[in-house]
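Report on the following structure.
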Amino acid sequence: MTKGTFLSGMTTRVEDPEVGDDPGFSAIQTQGPERYSFSQLAAPQHLDLHLYNNEQILSWEPPPPSNDTRPVVYQVEFKYVDGSWNKFTEVNCTDITVTKCDFTRGGRLRGFSGIYSVSLRVRAKQGERTSDWVTSTEFQRYCNVTVGPPKTISVIPGKGSLIIHFSPPFDVTSEATFEYRVRYWEKTGAQQVRGPFKENSVVLSNLKPFRVYCLQTEAQLTVQNNNCRPGLSLSNVSCHETTADAASTRLQVTLIAVGTFSLLLVLTGACFFLFLRYQSRVKYWFQAPPTIPEQIQEYLKDPDQPILDALDKDHCSKDDAWDSVSIVSSPEKEQDVLQTL
């Protein structure tokens, strides 16, 4: 059974158009195309009803080909229990050339109600020739639908937790409700299940910090006053990493602070040791390079200028110039000189 397909190969009956819609004259289709006369068209075969979330599609196989080259068209009708057969009004399922009738246009239309039993029938038509009606078994949408996973699933990593938000797979009436389950597991651990719950969000708590957890979600449709169990499908697997909890955060901050302080101490000690060992080189590296006096630089640029004479004169004048002369003598030295004399 394919995803979202129910009542595949369903029990069908062939109704003779000459006796009308009286079910008392219905017969189970058991014979092949040879039971039909040349004037009667063979009926469609293998009705298949696809019910997935809001999608409702009836499909079938065409009758065996004939020598008539005119196109074959199909007519589809429905009825509720104890009701009469009706044609579809919101969609065109009368005199169609395709072998399917989408009652909801891919889920955009309302389609059949959830708890009422519905029957469908199809017949083929080629010019004036028509086939017998092929009628499906009754079905209830809420009991036969395949429920998809929740929609718009978002996961927010928390402190040792995962916060999951989602929306229902489709809208339901008051006769039905959704229950949700979450399957989650650590990437190398065993699977756990949380649920069922009716809220559209759940918090997976008490998880290990900085660990990767994978999860799947499912939605189970529960019909009031009915024990039917619709099919369901799981969401795709998604994996997320948790963040640190409060205790881990404090420990992490403390370790970072202690590690930073220890690193600074080690770097300071290493720098001091290198300075003591290579002190002379450090002084040499930081010693200012020798410079040439400005006057010498000018002389080197133009040796013809009498710069050296000017420097000698300035030097002599500075050496010979004085403001006062004082004779300083020591009594002890004077006595030594007199004794020597």
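Tabulated data
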{"quantity": "Qualifying positions in the stretch 262-291 - at pLDDT below 70 and either assigned to a loop (DSSP other than H, G, I, E, B) or of a type in the set (S, T, N, Q) (or both)", "calculated": "Gln287, Ala288, Pro289, Pro290"}
{"quantity": "Residue in the stretch 267-277 that is farther than 30 Å from Thr173 by Cβ, within 27 Å of the chain's Cα centre (by Cα) and surrounded by fewer than 11 Cβ atoms within 10 Å (Cβ to Cβ) present", "calculated": "no"}
{"quantity": "Unmet criterion (only one of (1) within 30 Å of Arg141 (Cβ to Cβ); (2) of a type in the set (Asp, Glu); (3) open to solvent by 70 Å² or more (accessible area, probe 1.4 Å)) for Glu241", "calculated": "(1)"}
{"quantity": "Test: residue in the stretch 258-266 that is over 20 Å from the mean Cα position of the chain (by Cα) and surrounded by 13 or more Cβ atoms within 10 Å (Cβ to Cβ)", "calculated": "no"}
{"quantity": "Scan of the stretch 92-108 for residues that are within 18 Å of Lys79 (Cα to Cα) and in a loop (DSSP other than H, G, I, E, B), ordered by number", "calculated": "Asn92, Cys93, Phe103, Thr104"}
{"quantity": "In the stretch 148-177, residue nearest to Tyr52 (Cα to Cα) [restricted to those that are hydroxyl-bearing (Ser, Thr, Tyr) and part of a loop (DSSP other than H, G, I, E, B)]", "calculated": "Thr173"}
{"quantity": "Pairs, first closer than 18 Å to Glu179 by Cα and touching a residue at least 40 places away in the same chain (Cβ under 8 Å) in the stretch 229-243, second hydroxyl-bearing (Ser, Thr, Tyr) and crowded, with 16+ Cβ neighbours inside 10 Å, C-beta under 6 Å, six or more apart", "calculated": "Gly231/Thr146; Ser235/Thr217"}
{"quantity": "The listed residue being open to solvent by less than 80 Å² (accessible area, probe 1.4 Å) and farther than 12 Å from Gln126 by Cα, out of Asp68, Asp102", "calculated": "Asp102"}
{"quantity": "Residue within the stretch 44-51 that is under 17 Å from Gly127 (Cα atoms), open to solvent by less than 40 Å² (accessible area, probe 1.4 Å) and assigned to a loop (DSSP other than H, G, I, E, B) present", "calculated": "yes"}
{"quantity": "Some residue of the stretch 88-95 being among the polar types (S, T, N, Q), in contact (Cβ under 8 Å) with a residue 24 or more places away in the chain and surrounded by 14 or more Cβ atoms within 10 Å (Cβ to Cβ)", "calculated": "no"}
{"quantity": "Restricting the stretch 216-238 to residues that are among the hydrophobic types (A, V, I, L, M, F, W, C) and in a strand (DSSP E or B), the residue that is most open to solvent (accessible area, probe 1.4 Å)", "calculated": "Leu232"}
{"quantity": "Residue among Tyr184, Tyr180, Tyr213 that alone is of a type in the set (Phe, Trp, Tyr), under 27 Å from Gly114 (Cα atoms) and either in a loop (DSSP other than H, G, I, E, B) or open to solvent by less than 30 Å² (accessible area, probe 1.4 Å) (or both)", "calculated": "Tyr180"}
{"quantity": "Top-ranked residue in the stretch 109-119 [being in a strand (DSSP E or B) and touching a residue at least 40 places away in the same chain (Cβ under 8 Å); ranked as farthest from Val134 (Cα to Cα)]", "calculated": "Val118"}
{"quantity": "Unmet criterion (only one of (1) in a strand (DSSP E or B); (2) in contact with a Ser or Thr (Cβ under 9 Å, 6 or more places away or on another chain)) for Asn206", "calculated": "(1)"}
{"quantity": "Scope the stretch 196-210; condition open to solvent by less than 40 Å² (accessible area, probe 1.4 Å) and in contact with a Lys or Arg (Cβ under 7 Å, 6 or more places away or on another chain); matching residues", "calculated": "Val202, Leu204"}
{"quantity": "Qualifying residue in the stretch 136-146 (condition: farther than 30 Å from Arg70 by Cβ, open to solvent by 70 Å² or more (accessible area, probe 1.4 Å) and either assigned to a strand (DSSP E or B) or in contact with a strand residue (DSSP E or B) (Cβ under 6 Å, 6 or more places away or on another chain) (or both))", "calculated": "yes"}
{"quantity": "Criterion: in contact with an Asp or Glu (Cβ under 9 Å, 6 or more places away or on another chain) and small (Gly, Ala, Ser) - qualifying residue of Ser262, Ser233", "calculated": "Ser233"}
{"quantity": "Number of the exception - Val193 against (1) over 18 Å from Val147 (Cα atoms); (2) open to solvent by less than 60 Å² (accessible area, probe 1.4 Å); (3) hydrophobic (A, V, I, L, M, F, W, C)", "calculated": "(2)"}
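The values are calculated or read from the model by the stated rules, or taken from the named source; none is laboratory data. Here the structure is a predicted model, which means the values were calculated and not measured. Glycine also receives a Cβ, built like all others from the backbone with ideal geometry; neighbour counts cover every protein chain displayed. Just the protein is used for accessible areas: all its heavy atoms, side chains included, with ligands, DNA and RNA removed. Shrake-Rupley method; radii C 1.70, N 1.55, O 1.52, S 1.80 Å.
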